[in-house]
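Written out below as C-alpha cells is the structure these notes cover.
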Amino acid sequence: MTLSEENYLKTIYHLSAIADAAVSTNAIAEKMNTKASSVTDMLKKLAEKNCINYIKYQGVSLTDTGKLAAKMIVRKHRLWETFLVEKLDFAWDEVHELAEQLEHIKSEKLINKLDDFLGNPTEDPHGDPIPDAQGRILKIEKQLLSECEKGRIGICVGVKDTSSDFLKYLDKQEIALGSQMEIIEKESFDASLRIRVGSNEITVSHKIASNIYIQ
C-alpha cells in the first residue's frame with residue numbers, strides 16, 4: 001500500500017468515526033485539501049483492493065480489511081507520538097508532524113517492539129486511544145468540558161483539537177492530561193466557563209471547552 005493510500009484510509013477512518021456514517025467524497029477532499037476528482041480516482045483504487053465500499057454519490061465506508069489497515073496506521077502514529085514525548089522529551093504540540101512521517105514505516109516487528117518498549121500504552125500524549133496489534137481499542141469513558149454543568153469536578157483525559165496552537169494555549173493555562181478541573185461558573189449567555197485548574201482560576205470560551213475531554 002502506498003503512502004498516499006494509507007493517508008486516505010486514515011482520513012476515511014477519522015471522518016467515519018466523527019460522522020458514524022458513510023463519508024462523502026467532498027468531506028475527504030476538504031480534509032485532505034485536494035480535488036474531488038482526485039479523491040474519486042483514489043477511491044476506485046482502494047475499492048479494487050477491498051479496503052472500502054464505494055458507490056458513487058452514496059459515500060464511502062471502510063471494509064473490515066480497510067478498517068484494520070487504518071487502525072494499524074493510527075496505531076503507529078500514536079505509538080510514535082508517545083515515544084517522542086516520553087523518551088525524547090518533545091512537547092505534545094511538536095509531535096504530530098513527525099508522527100505523520102514515522103507512521104508509514106512498514107516493519108510490523110519494529111512497531112510491536114516499540115509498543116513493548118513503551119509498556120504497551122493504551123493512550124497517546126493527547127489522550128487518544130492506541131489500537132493494539134489486533135486493532136482492538138480500549139474504550140475510554142469521557143465527556144467534553146462544554147457539556148458539563150457548574151460544580152462538576154473531573155480530570156483532563158484528552159483533547160479533541162490536537163493542533164499546535166491549541167496545545168500551546170493549554171500549556172499557557174497549565175492544562176495538561178491529568179489536570180483536575182472544577183467548573184465554578186457557567187455563563188448562560190455564551191456558555192463560557194469559569195474553571196479552577198489546580199490553584200488557578202481561569203475563564204475559557206465555549207470553543208475551548210468543546211475541545212477538552214474530562215472524566
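The values are calculated or read from the model by the stated rules, or taken from the named source; none is laboratory data. Note that the structure is a prediction, hence the values are computed from the model and not measured. We place every Cβ from the backbone using ideal geometry, glycine too, and count neighbours over all the protein chains shown. Note: accessible area is taken over every heavy atom of the protein model, side chains too, but ligands, DNA and RNA are not part of it. Shrake-Rupley method; radii C 1.70, N 1.55, O 1.52, S 1.80 Å.
Some notes on this structure:
- In sequence order, calculated HN-Hα J values of the stretch 154-163 (Karplus, 6.51, -1.76, 1.60; Hz; x Gly/Pro): x, 10, 5, 10, x, 10, 7, 9, 9, 5
- Summing Cβ point charges (Lys, Arg +1; Asp, Glu -1) relative to the Cα centre of the stretch 142-215 gives a dipole of roughly 120 debye.
- Dipole of the chain computed with +1 at Lys/Arg Cβ and -1 at Asp/Glu Cβ about the Cα centre; of Met1, Ala47, Ser210, farthest Cα towards the positive end is Ala47.
- Percent RCO, i.e. relative contact order, over the chain, from Cα pairs under 8 Å lying at least 6 residues apart: 15 percent
- Fully extending the segment from Lys87 to Asn26 would add 18.1 nm, taking 0.36 nm per residue of separation and subtracting the current Cα-Cα distance.
- Rounded to the nearest 20, the size of the Cβ-charge dipole of the chain about its Cα centre is 700 debye, with Lys and Arg at +1 and Asp and Glu at -1.
- Note on the stretch 18-83: Kirkwood radius taken over Cα pairs, Stokes-Einstein applied at 10 °C and 1.306 mPa s, translational D equal to 124 µm² s⁻¹.
- Those aspartates and glutamates that a straight Cα-Cα span of less than 15 Å connects to Lys186, excepting residues fewer than 8 apart in one chain: Glu147, Glu149, Glu201
- Over the stretch 46-94: Rg over Rh, Cα atoms, Kirkwood Rh: 1.25
- For the chain, the direction-averaged projected area of the alpha-carbon convex hull comes to 13.0 nm².
- When the listed pairs Lys35/Lys172; Lys71/Lys150; Lys56/Lys113; Lys106/Lys160; Lys10/Lys142; Lys35/Lys142 are checked against a 31 Å cut-off, the alpha-carbon distance exceeds it for Lys35/Lys172; Lys71/Lys150; Lys56/Lys113; Lys35/Lys142.
- Dipole of the stretch 57-195, positive end: most advanced residue of His96, Ala70, Ser179 [Cβ charges, Cα centre]: Ala70
- Bridgeable aspartates and glutamates around Lys139 (alpha carbons under 18 Å apart, same-chain partners fewer than 8 residues away excluded): Asp20, Glu123, Asp124, Asp128.
- Close amide-amide hydrogen proximity is noted between Asp124 and Ile130, each under 5 Å apart and 5 or more residues distant or on a separate chain (H modeled in the peptide plane; Pro and chain starts excluded).
- Measuring with a 1.4 angstrom probe and ignoring ligands and nucleic acids, Met72 comes out at about 50 Å² accessible.
- Each Lys or Arg adds one and each Asp or Glu subtracts one; over the other residues with Cβ under 14 Å from the Cβ of Leu170, this totals -2.
- In the stretch 73-192, the alpha-carbon atoms span a convex hull of 115 Å³ per residue.
- Cα centroid of the stretch 54-107 to Cα centroid of the stretch 116-166, whole Å: 15 Å
- Summed over all non-identical Cα pairs, the Kirkwood treatment of the stretch 1-56 gives a radius of 11.2 Å.
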